[in-house]
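Heads up, the thing below is written out as structure tokens.
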Amino acid sequence: MRSSGSELYKKTEERRSVVRCEMDIATSADVAMLVDRFYGKVRVDALLGPIFNNVVQDDWPAHMATLYSFWETMLLGTGTYRGAPFPKHAVLPVEKAHFDRWLELFLATVDENFSGPKADEAKGRALSIADTFARRMGLLPPHTVLLQP
């Protein structure tokens, strides 16, 4: 019996996921996959989804393009991102729990899809960015770290 197109797609994605897990982040396509999968989770997350969807609204394609550029600059050194992300985030109605959840999803997405020095760098950069933003927003008292009560 022949497999349907959706079954073949699912099998291809499963194989790609297994293969990718053994590969590091190396190309713009890798960055795009990471960003797509991560924000796919964020958009439907009970805690983060309402905030992101309210701010981004129907402009997800433009927002994703900005995110690709940001993470390509961070991880691949492309220098294509020009901007200041903190001011846009500083006005969001978030608490420490939002940063913790963002990190949980990001770290899990990296681990599900990649391994290696660039994957470790992506996780380190995400931790650093989240920590910096949360501290600048006054959400982390001294000696408090994200992903801990």
* Structure fact -> Flagged in region 93-149 as among the polar types (S, T, N, Q) and touching a Leu at 6+ places or on another chain (Cβ under 7 Å), in numbering order, are THR109, ASN113
* Failed criterion for THR144 (all others in (1) in a loop (DSSP other than H, G, I, E, B); (2) loosely packed, with under 13 Cβ neighbours inside 10 Å hold) -> (2)
* Asked: Do we find a residue being at pLDDT 95 or above, assigned to a helix (DSSP H, G or I) and within 19 Å of the chain's Cα centre (by Cα) anywhere in region 7-28?
  -> yes
* Test ALA126 against the stated conditions and say whether it is of a type in the set (Gly, Ala, Ser), without any contact (Cβ under 8 Å) to a residue 40 or more places away in the chain, buried (at least 18 other Cβ atoms within 10 Å of the Cβ) and within 21 Å of GLY40 (Cα to Cα). => yes
* To do: Please state which of the following conditions ALA97 fails to meet, knowing it meets all the rest: (1) loosely packed, with under 13 Cβ neighbours inside 10 Å; (2) touching a residue at least 40 places away in the same chain (Cβ under 8 Å); (3) not in a helix (DSSP H, G or I).
  => (3)
* **Number of the exception - ASP58 against (1) at pLDDT 95 or above; (2) surrounded by fewer than 15 Cβ atoms within 10 Å (Cβ to Cβ)** => (1)
* **Positions within region 75-88 being over 19 Å from LYS123 (Cα atoms) and either in a helix (DSSP H, G or I) or of a type in the set (Gly, Ala, Ser) (or both), in sequence order** => GLY79, GLY83, ALA84, PRO87, LYS88
* List, please: which pairs have Cβ atoms under 8 Å, are six or more places apart or on different chains, and start with a residue in region 44-69 that is at negative phi and end with one that is buried (at least 16 other Cβ atoms within 10 Å of the Cβ) and in a loop (DSSP other than H, G, I, E, B)? -> ILE51/VAL94
* Taking interchain pairs and intrachain pairs at least six residues apart, which have beta carbon atoms under 9 angstrom, with the first residue in region 73-91 and more than 24 Å from ALA134 (Cβ to Cβ) and the second assigned to a loop (DSSP other than H, G, I, E, B) and not aromatic (Phe, Trp, Tyr)? -> LEU76/ILE25; LEU76/ALA26; LEU76/THR27
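The values are calculated or read from the model by the stated rules, or taken from the named source; none is laboratory data. This one's a predicted model, so the numbers in the text were calculated from it and none came from an experiment. Note: ideal-geometry Cβ built from the backbone for every residue, glycine included; neighbour counts use all protein chains shown.
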